[in-house]
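Novice: Take this structure first; my questions come after.
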Amino acid sequence: MDDVLMNAEIWVKSLFADDATGHDWHHTDRVRRNALEIARQEGADGFICELAALLHDAGDEKFHESEEVGKDFVIKWLEQQQLPRETMLHVIEVIDTVSFKGGFNRPPEQIEGKVVQDADRLDALGAIGIARCFMFAGNKGDAMHIPNQKPREEMTKEDYRHGKSTAINHFYEKLLTLTTQMKTETGLKMAKDRHDFLKLYLVEFHDEWNGKK
Ligand code: ADP
Ligand code: NI
């Protein structure tokens, strides 16, 4: 089992070595650490959570031609590991339900899915979440802020992924909505300070932008 975790770490490090979208190896590593802490407090399976956290972005549709291609990519890797079939299926199920996808994804039913989803979302909040948001927006070609462009209220999955937005609007369209959607008590507790930090940051941002400082 330890070998599989080590192999996963090596594989994912190589996949995300050149990432500039906020999904570099350190993102995965932080999600793994958060997942282990939440799993411990929630009594979830630590091995499943750790492995799913390590693999959670490897097959993400953002980095592949389609959702199916991404999923197959991870399944092929898992099939090469010495894992009981049941464990492998459990990990695949967790990964499948982690992604946000504009809120259109099937929600996790098992505790391990809830743990890894919360762990991933924590990394979209707080100081690191802000840094990742600006990295992602810059990489996508979105502006930092356009004052007369209002946050979108209704979005299709396609709009969420490919529509034009701004880094600041992403706070309102997604980041500030995450905390109330946390799936575990532990995740919710961990999210609160990070959520407050986003709000504080926005006040400062708008004050500076509007010359109130
Ligand atoms: P998931 O992988 O769970 O579906 P996303 O890919 O939507 O989640 O988000 C991953 C990270 O990229 C998060 O930190 C998120 O805030 C950021 N991100 C996603 N879309 C945008 C966007 N349009 N503008 C800025 N940041 C974004
Ligand atoms: Ni992630």
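The values are calculated or read from the model by the stated rules, or taken from the named source; none is laboratory data. None of the values given here were measured: they were computed from a predicted structure. Heads up, the Cβs are rebuilt from the backbone with ideal geometry, glycines too, and the neighbour counts pull from every protein chain shown. Accessible surface is based on the protein model in full, side chains and every heavy atom, while ligands, DNA and RNA are left aside. Shrake-Rupley method; radii C 1.70, N 1.55, O 1.52, S 1.80 Å.
Novice: Of everything in the stretch 145-168 that's over 15 Å from Leu198 (Cα atoms) and aliphatic (A, V, I, L, M), which residue is surrounded by the most Cβ atoms within 10 Å (Cβ to Cβ)? Walk me through how you get there before you give the answer.
Specialist: From the stretch 145-168, those over 15 Å from Leu198 (Cα atoms) are 145-166; that's our starting set.
Next cut, aliphatic (A, V, I, L, M) only: 146, 155.
Numbers: Ile146: 13, Met155: 17.
Per the stated criteria, the residue is Met155.
Novice: Right, something else. Could you please let me know if Gly103 is farther than 28 Å from Asp18 by Cβ, open to solvent by 60 Å² or more (accessible area, probe 1.4 Å) and touching a residue at least 24 places away in the same chain (Cβ under 8 Å)? Outline the logic, then answer.
Specialist: Numbers: farther than 28 Å from Asp18 by Cβ: yes; open to solvent by 60 Å² or more (accessible area, probe 1.4 Å): no; touching a residue at least 24 places away in the same chain (Cβ under 8 Å): yes.
Here the answer is no, as Gly103 does not meet what is asked.
Novice: Also: Can you go through Phe134, Phe171 and tell me which one is open to solvent by less than 50 Å² (accessible area, probe 1.4 Å), modelled with pLDDT of 95 or more and part of a helix (DSSP H, G or I)? Spell out the reasoning first.
Specialist: Numbers: Phe134 fails: open to solvent by less than 50 Å² (accessible area, probe 1.4 Å).
Of the residues listed, the single one that is open to solvent by less than 50 Å² (accessible area, probe 1.4 Å), modelled with pLDDT of 95 or more and part of a helix (DSSP H, G or I) is Phe171.
Novice: Then there is this: If you check Ala39 against the conditions, is it in a helix (DSSP H, G or I), under 14 Å from the mean Cα position of the chain (by Cα) and under 14 Å from Val94 (Cα atoms)?
Specialist: no
Novice: Also: Which residue out of Leu51, Leu83 is more than 26 Å from Ala191 (Cα to Cα), open to solvent by less than 50 Å² (accessible area, probe 1.4 Å) and either part of a helix (DSSP H, G or I) or touching a residue at least 12 places away in the same chain (Cβ under 8 Å) (or both)? Walk me through it before giving the result.
Specialist: Working: Leu51 fails: more than 26 Å from Ala191 (Cα to Cα).
Just a single option satisfies the conditions, and that option is Leu83.
Novice: Something else about it: Check Asp118, Asp159 and return the single one that is of a type outside the set (S, T, N, Q), part of a helix (DSSP H, G or I) and within 13 Å of ligand 2 (Cβ to nearest atom). Show your work before the answer.
Specialist: Details: Asp159 fails: within 13 Å of ligand 2 (Cβ to nearest atom).
Among Asp118, Asp159, only Asp118 is of a type outside the set (S, T, N, Q), part of a helix (DSSP H, G or I) and within 13 Å of ligand 2 (Cβ to nearest atom).
Novice: Right, here's the next one. Give the residue, chosen from Asn34, Asn7, that is surrounded by 20 or more Cβ atoms within 10 Å (Cβ to Cβ), more than 23 Å from His162 (Cα to Cα) and polar (S, T, N, Q). Before you say what the answer is, go through the steps one by one.
Specialist: Details: Asn7 fails: surrounded by 20 or more Cβ atoms within 10 Å (Cβ to Cβ).
From the options Asn34, Asn7, the qualifying one is Asn34.
Novice: Name the one entry in Glu109, Glu93 that is in a loop (DSSP other than H, G, I, E, B), without any contact (Cβ under 8 Å) to a residue 24 or more places away in the chain and within 20 Å of the chain's Cα centre (by Cα). Break it down into steps so the answer makes sense when it comes.
Specialist: Numbers: Glu93 fails: in a loop (DSSP other than H, G, I, E, B).
That would be Glu109, the only listed residue that is in a loop (DSSP other than H, G, I, E, B), without any contact (Cβ under 8 Å) to a residue 24 or more places away in the chain and within 20 Å of the chain's Cα centre (by Cα).
Residue-by-condition table, conditions (1) of a type in the set (A, V, I, L, M); (2) within 11 Å of ligand 1 (Cβ to nearest atom):
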| site | (1), (2) |
| --- | --- |
| Val98 | yes, yes |
| Arg106 | no, no |
| Val116 | yes, yes |
| Ala124 | yes, yes |
| Ile128 | yes, yes |
| Ala131 | yes, yes |
| Asp142 | no, yes |
| Ile146 | yes, no |
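Novice: Taking the criterion of being under 17 Å from Gly103 (Cα atoms) and surrounded by 13 or more Cβ atoms within 10 Å (Cβ to Cβ), would at least one residue in the stretch 186-197 satisfy it? Don't jump to the end; show me each part of the working.
Specialist: Applying the first criterion (under 17 Å from Gly103 (Cα atoms)) to the stretch 186-197 yields none.
The answer is no; no qualifying residue exists.
Novice: Return yes when Lys71 is open to solvent by 50 Å² or more (accessible area, probe 1.4 Å), within 16 Å of ligand 2 (Cβ to nearest atom), in a helix (DSSP H, G or I) and not acidic (Asp, Glu) and no when it is not. Outline the logic, then answer.
Specialist: Details: open to solvent by 50 Å² or more (accessible area, probe 1.4 Å): yes; within 16 Å of ligand 2 (Cβ to nearest atom): yes; in a helix (DSSP H, G or I): yes; not acidic (Asp, Glu): yes.
Taking the combined requirement at face value, the residue satisfies it.
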